[in-house]
Amino acid sequence: MKTVVLKINAKKPQKSKIKRAACFLTNNETVVFPTETVYGLGANALDEKAVKKIFKAKGRPSDNPIIVHVASIDETFFLAKVNETALKLMKHFWPGPLTLVMKSSGLVPKVVTGGLDTIALRLPNHPVALALIKECSFPIAAPSANISGRPSATTAKHVLDDLRGRVDCIIDSGAVKIGLESTVLDVSAITPVLLRPGNITVEKIEKIIGKIKIHKSSYGSKLSGSEFAKAPGMKYTHYAPRAKVILIEADAKNKNAKIKKLKEELRGKKVVFIKSKNKPKLASDLFKMFREFDKSGANFIVVEGVNQTGLGLAIMNRVRKAASKVIL
Ligand code: TXA
Ligand code: MG
């Protein structure tokens with residue numbers, strides 16, 4: 001398949017190019033577009049055949065549901081049963097990196113929701129994404145634009161590495177801002193449940209709607225049996241670079257000794273270290289570093305953990321899921 005690459009200005013999207021990209025979507029073809037979190041691989045959410053192309057391009061398991069991107073809060077009323085909590089959160093955080101899981105109205109085909117009776121909705125905060133969705137007369141289903149199991153793409157270059165020849169169009173608007181995928185919050189039950197931590201933190205959400213539950217998957221812990229029912233995406237290896245990721249979660253007292261021991265064990269191997277106390281910077285660079293270190297042929301990526309407050313929970317979630325070994 002030939003992939004058309006369109007360079008579109010991230011701040012002031014050129015109208016003619018947005019129209020060209022929207023044309024692919026209207027023809028039920030696939031378009032990769034930037035959002036404020038990561039690049040997304042989009043298709044018409046209302047067309048089963050179009051959505052199936054997403055699964056094929058990514059090699060995504062068919063029971064992993066896809067987020068539906070809308071251009072306004074009004075649109076959500078057609079797609080989901082919107083309750084008061086959802087509306088409050090939308091008014092406060094949209095457009096922005098918060099995905100809300102609600103009861104589906106049944107309008108989108110089952111392929112989108114992986115057969116669940118809920119639907120995940122998000123209004124992204126990126127001029128190109130917004131212009132593109134507005135240009136289409138339908139919502140856009142879009143998972144992260146990477147081959148399944150690889151780190152999410154934060155630049156068009158990463159998208160091209162994974163998806164050139166597998167999608168119809170790729171919009172290149174440079175590097176994204178946040179670098180980690182949106183927060184996923186299930187608001188379909190009385191007490192909302194955090195399924196995936198992101199830039200809209202637990203602290204920020206609780207300020208608006210009070211105490212929420214934190215699903216085990218948010219910590220990046222391995223799940224089993226019925227725990228998957230609510231968080232189907234967590235069944236699969238995520239964010240895994242090819243190099244082995246080793247996460248150091250030892251407390252300050254023991255950390256240096258453990259790192260020293262690890263360095264001795266890995267002597268002779270190609271090892272790179274990721275260490276930063278600046279959480280926003282670490283979040284925005286994490287996937288990029290995973291990809292770059294892989295290219296450089298590293299055997300091991302050693303990451304020093306951060307505390308789990310604020311954005312720290314999202315960072316630790318991604319690193320734990322990528323890690324093949326955790327040193328406590
Ligand atoms: O920032 C983002 O969210 C990016 C951009 C492109 O918007 N998208 C993204 O999509 O990260 P994806 O498919 O890589 O991750 C979506 C997550 C998956 O873990 C999926 O299982 C979960 O959301 N999800 C989608 N629909 C769901 C539903 N109805 N119930 C529970 N989880 C759902
Ligand atoms: Mg993904």
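Each value in this text was obtained by applying a stated rule to the coordinates, not by laboratory testing. Nothing here was measured: the structure is a model prediction, and the numbers come from that model. Please note: Cβ atoms are built from the backbone with ideal geometry, for glycine as well, and neighbour counts cover all protein chains shown.
Worth pointing out:
- Ranked by how many other Cβ atoms sit within 10 Å of their own Cβ, fewest first, the residues Lys81, Lys281, Lys244 fall in the order Lys281, Lys81, Lys244.
- Vicinal HN-Hα couplings computed from phi for the stretch 193-209 (Karplus, 6.51 cos²θ - 1.76 cosθ + 1.60; Hz; Gly/Pro x): 10, 7, 9, 8, x, x, 5, 7, 7, 3, 4, 5, 5, 5, 5, 8, 10
- When the alpha-carbon atoms of the stretch 234-328 are used, the pair Rg, Dmax equals 12.8, 37 angstrom.
- For the stretch 11-48, trypsin sites (Lys or Arg not before Pro) meeting the loop criterion (DSSP other than H, G, I, E, B) and having at most 15 other Cβ atoms within 10 Å: Lys11.
- Rounded, prolate or oblate (a/c below 1.5 giving rounded, otherwise prolate when a/b exceeds b/c) for the stretch 16-66 by Cα gyration tensor: oblate
- Across the stretch 150-196, the volume of the C-alpha convex hull divided among the residues equals 116 Å³ per residue.
- Stokes-Einstein D in µm²/s, Kirkwood radius over Cα pairs - the stretch 130-176 at 4 °C with 1.567 mPa s viscosity: 109
- Projected over all directions and averaged, the alpha-carbon convex hull of the stretch 94-173 occupies 6.2 nm².
- Here the chain is described by how far its Cα atoms reach on the three principal axes: 59, 47, 36 Å, from widest to narrowest.
- The chain: angle of helix 15-26 to the longest principal axis, Cα-based, in degrees nearest 10: 90
- Between the stretch 261-328 and the stretch 173-209, the alpha-carbon centres lie 22 Å apart.
- Dimensionless Rg over Rh [the stretch 1-119; C-alpha; Kirkwood]: 0.97
- The stretch 60-141 - Debye-derived log10 I(q)/I(0), Cα point model, q = 0.20 Å⁻¹: -0.87
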